[in-house]
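This report refers to the structure that appears directly beneath it.
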Amino acid sequence: MSGLSHSWQGPEPRSFLHGIHPAGHKEYSHKLAIERMPFVGELVLHLSQHIGAPARPIVAVGDRVERGQRVADPGGFVSVGLHAPATGTIKAIEKRLHPNGKLLDAIVLETDPFASQRLLAAAPFDPAAVTASEMVERMQLGGLVGLGGAAFPSHVKASVPKGKEVKAVVINGVECEPFLTCDHRLMVERPQDVIRGTRILMQSVGADRGYIGVEINKPDAIEALAAAASDGVVVQPLKVKYPQGAEKQLIKAIFGDEVPEGGLPLDLELVVNNVGTMAALADLVDRGAPLIERVVTVTGPAIKQPKNLLVPLGTPISAVIERCGGLTPSVKQVILGGPMTGMAQKSLDVPVVKGTSGIVCLDSVEVATREEYPCIRCGRCVEACPLFLNPARLAQIVKYEKVDLFEDYHLMTCFECSSCSFVCPSAIPLVQYMRMGKAMLRKHKAHKR
C-alpha cells in the first residue's frame, strides 16, 4: 500500500488465505487529524440507515427538538433508534433521495443557528449497574450500528441467545478498503475510548477476552491501542490484505478458525464489532451520547483538500465536499464508502448516513473502464476469492439464468467484496453477476412460495 511504512518490528502478523492487494491510496489522509464539520441549515435523517426495519417517527412537523433527542423509535428488534444531530425544528417528514439511489422516508430537521448545540439531555450510566438485557435495549435505543459500513444493529450482536455463550469479542480495526482512514485516525486519536467500548461489550456479553485486529500499515494505531489496552484485551497485528475486514476473514486471520457456511461468529463463541462502534458505545455509556455523528474520510485525487471529518448525520454530501475545498475539474465519480464495496452517487444532495465511512472522489484515471472480453479460464478469480468460490463459473450460470444451480455453487455465500472483479484480466464484472444472481434467486423463491 502506497505512502505507508511497512517496517514492522513486532510479532509475526497473521492473515487469511486468498484475498488481494489493491493499492492503498491511504497517503491522501492517513496523517490528517479528525476535524469537526460545522452544522448546516438542514439535516436529512433517513429512517432507514441500518440493516433491518426502518425506524418509526415519534415527532411531528413543527416540533422543536434538542440535540441528541430521539426522533424515531426502533421499528422492530432488528432496528435502532434515530436522534436529532442538532437542536432545531422538524421541517418535514417526507421521501428524500437516499445514498442507495431510492426515495425513502426521512425526517427533515431545520437547525437552529442560535442554539448552543450541547447535549442537554445526555444521561451517562454505569454499565456494571445494568443487566445484559438492559444494555441491549440501551444500545438499540441509542441508535448504535456497525460503523464499518454495513450498519448492522449492534444490539443484535450483543443479544446472546439462551444456550449460547461468548468467550471473546473481536474488534475490527483493519480498514482494508483503499482510500479510507477514518478508523485509523479514530484508533490513533481515541484509543482509550476504543478500549473502553471493548471492555463494556466484553462485560455485557460475558466474554473474558478481547482481540483488536489492526493491519501493520497502521503502526501508530497499533502502538496507541497497545498502550491503552488493559488486561484481557490483545491488539493483534495483521498482514496487509483485502478483504481482511470481513467478519469471517478477520476471525480466520486472528484465530485460524473458520465460521461455518451459513453460520455466525457466535457459532465460534465470538462477537465481532468495529472500532468506531466501540468508541460510540463508550460515548453512549460515559457521555450519554447516542449515535448522532460519525467520522468520514473525504479523499481521492479529485478532492481539493482531503480531510477526516466528524460529520453530523444528515449533512448533505455537497456540504461536506464544499468544506473540503470542492471537487477538482478532473472529477469523474464520487463514491460513498470505499471503491471496492461503496456505491457511486448520481447526486451530491444525498446525506451522510450511519454507514457512510468515506466520500471518495475519483478522476478519469481511477475510473477508466476496460473493454470486457470472454473468460480465458485463468483461475485468478478463484485464487482471489476469500471464500474459495468459483466466480467465473458462477457468472456463467447467472448469465444463462440456471437458477437451479445457484445454491449448488454457493452463490448466497458471496459477500460481494469485488476481489474477483479486481483481478479479472478480461474485465468481466463478476461481482455484478453475483448481485444479479442473488436477485434472481430471491425472486425465484418468492414465486415458489
Completion exercise
Full extension between Glu27 and Glu322 adds, at 0.36 nm per residue less the Cα distance, a length in nm of 104.1 nm
Handout entry: Spin-label proximity, Arg287 to segment 96-139 - amide N less than 15 Å from point 7 Å beyond Cα toward beta carbon
Key = 117-125
Completion exercise
Karplus ³J(HN,Hα) for segment 99-113 (6.51 cos²θ - 1.76 cosθ + 1.60, θ = phi - 60°; Hz, whole; x = Gly/Pro) runs x, 7, x, 9, 8, 10, 4, 8, 9, 9, 10, 8, 6, 8, x
Problem - Length added when fully stretched, Lys346-Leu405, from 0.36 nm per residue minus Cα-Cα - result: 17.8 nm
Fill in the blank from the handout: Taking the alpha-carbon centre of each part, the distance from segment 125-178 to segment 87-103 in Å is 27
Practice task
Any cysteines in the chain with zero other Cys Cβ atoms under 4.7 Å from their Cβ? List them, or say none.
Solution key: Cys176, Cys182, Cys324, Cys361, Cys375, Cys378, Cys385, Cys414, Cys417, Cys424
Exercise for the section: Write out the trypsin sites (Lys or Arg not before Pro) in segment 253-343 meeting two conditions: DSSP loop, and at most 16 other Cβ atoms within 10 Å of their Cβ. Expected result: Arg287, Lys304
Practice task
Provide Cys361, Cys378 in ascending order of the number of other Cβ atoms located within 10 Å of each residue's Cβ, fewest first.
Solution key: Cys378, Cys361
Practice task
Using only alpha carbon pairs under 8 Å that are at least six residues apart, calculate the relative contact order of the chain and give it in whole percent.
Solution key: 18
Handout entry: Euclidean distance between Cα centres, segment 199-261 to segment 402-439, Å
Key = 29
Handout entry: Approximate spin-label separation Glu165-Ser330, in nm, with each point projected 7 Å along Cα-to-Cβ
Key = 5.8
Fill in the blank from the handout: Relative contact order as a percentage, segment 42-111, C-alpha pairs under 8 Å and 6+ apart, gives 37
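FRET efficiency for Leu104 and Val130, Cβ-Cβ distance as r, R0 = 25 Å, nearest 0.05?
0.15
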Exercise for the section: Distance check, please: which entries in Lys402/Lys448; Lys218/Lys241; Lys332/Lys438; Lys402/Lys438; Lys157/Lys443; Lys31/Lys252 exceed 19 angstrom between their Cα atoms? Expected result: Lys332/Lys438; Lys157/Lys443; Lys31/Lys252
Handout entry: Exposed-loop-free span, longest in the chain, where chymotrypsin sites (Phe, Trp or Tyr not before Pro) count as exposed if DSSP calls them loop and at most 12 other C-beta atoms lie within 10 Å
Key = 115-387
Practice task
Could you line up Ser79, Ser421, Ser357 from fewest to most neighbouring Cβ atoms inside 10 Å?
Solution key: Ser421, Ser79, Ser357
Completion exercise
Taking a crude spin-label model, label points 7 Å out from Cα along the C-beta direction, the Leu120 to Met412 distance in nm is 5.0
Practice task
At 7 Å along the Cα-to-beta-carbon direction for both Lys95 and Asp267, put a label point, then send me their distance in nm to one decimal.
Solution key: 3.9
Exercise for the section: Excluding Arg435 itself, calculate the net charge of residues whose Cβ lies under 14 Å from the Cβ of Arg435, where each Lys or Arg counts +1 and each Asp or Glu counts -1. Expected result: +3
Handout entry: Value at 222 nm in deg cm²/dmol, rounded to 500, when DSSP H runs of n ≥ 4 in the chain each add -39,500 (n - 2.57)
Key = -7500 deg cm²/dmol
Exercise for the section: Order by neighbour count: Cys375, Cys424, Cys176, fewest other Cβ atoms within 10 Å first, most last. Expected result: Cys375, Cys424, Cys176
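Each value in this text was obtained by applying a stated rule to the coordinates, not by laboratory testing. As the structure is a prediction and not an experimental result, all values here were calculated from the model. Every residue, glycine as well, gets a Cβ built from its backbone with ideal geometry; the counts of neighbours run over all protein chains shown.
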